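The values are calculated or read from the model by the stated rules, or taken from the named source; none is laboratory data. Quick caveat, the model's predicted, so the values are computed rather than measured. Every residue, glycine as well, gets a Cβ built from its backbone with ideal geometry; the counts of neighbours run over all protein chains shown.
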Amino acid sequence: METTKQIATLRVVGGNLALDFVNTVDGEPAFDHLRDYAGLVAWGGHVGLLSEESVLRLIRKPPVPDAEAAHGRALALRDDLRGIFGAIALGENPPESSLEALRKGECEALDQATLAPKGDGYGWGWPDGEVGSVLWPVVHAAVELLTSGPLHRVKTCAGCHWLFVDESKNRSRRWCTMEVCGTNEKMRRYIARRAARRG
């Protein structure tokens, strides 16, 4: 399926599940990787929120109208997360309406969660194979980033404008990935220098 193949090539470089969810819009002009319900489900499989079996089942037999509603909720959530973390990356206050939407989403997510062994302790887990299994962990990851940080390390890529957590020691990272956006910027500078020399 074309949607699944296209999602499989999407880079996961945000350093937080919520930021990677925001980064499902790409490029100028913007290309939306979550154009439909199948894209949402495929992304859930791509980042490990859904098993391959669940992805195939949910795409082949979508729970209509739940599928359409889930896709609509996903786009609204992504807009709220972009508003919140985009503002934070710029050193601004996030929109109150987006914070309130996220608070309500977290209440729903925790209502559906179970405490399960994780590492040497316990953590929240969600059932595999449900449409909500994609959105609930995203909401929870966003709230964890907001409440525990490191918010001062949330940045916007200087190349593609994706959001990411800068985990470098001196907080000097400028690109979502050096291999893509960093290399592209170096190439632009090189071409500009050659053109200037010729001029």
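Of all residues in the range 30-55, those being of a type outside the set (A, V, I, L, M), over 15 Å from LYS5 (Cα atoms) and assigned to a loop (DSSP other than H, G, I, E, B) number 2.
Among the residues of the range 49-71, those identified as loosely packed, with under 13 Cβ neighbours inside 10 Å and at pLDDT 90 or above are GLU52, GLU53, ARG60. Of the strands (runs of 3 or more DSSP E) entirely within the range 82-168, none holds at least 3 residues that are among the aromatic types (Phe, Trp, Tyr), in contact with a Leu (Cβ under 7 Å, 6 or more places away or on another chain) and more than 30 Å from ALA38 (Cα to Cα).
Taking the listed residues LEU19, LEU10, the one that is under 15 Å from the mean Cα position of the chain (by Cα), surrounded by 15 or more Cβ atoms within 10 Å (Cβ to Cβ), of a type outside the set (S, T, N, Q) and part of a loop (DSSP other than H, G, I, E, B) is LEU10, with no other qualifying.
Output the residues belonging to the range 52-98 that are β-branched (Val, Ile, Thr) and either in contact with a Pro (Cβ under 6 Å, 6 or more places away or on another chain) or closer than 18 Å to GLY14 by Cβ (or both).
Of everything in the range 52-98, those that are β-branched (Val, Ile, Thr) and either in contact with a Pro (Cβ under 6 Å, 6 or more places away or on another chain) or closer than 18 Å to GLY14 by Cβ (or both) turn out to be ILE84, ILE88.
Within the range 72-89, residues that are within 15 Å of GLU106 (Cβ to Cβ) reach partners that are surrounded by 17 or more Cβ atoms within 10 Å (Cβ to Cβ) and among the small types (Gly, Ala, Ser) with beta carbons closer than 7 Å, at six or more positions or on different chains, in the pairs LEU77/GLY105; ASP80/SER98; ASP80/ALA101; LEU81/ALA18; LEU81/ALA142; ILE84/SER98.
Taking residues in the range 34-59 that are in contact (Cβ under 8 Å) with a residue 24 or more places away in the chain and of a type in the set (Gly, Ala, Ser), and partners anywhere that are in a loop (DSSP other than H, G, I, E, B) and surrounded by 17 or more Cβ atoms within 10 Å (Cβ to Cβ), the pairs with Cβ atoms closer than 6 Å and at least 6 places apart or on different chains are GLY39/HIS33; GLY44/LEU50.
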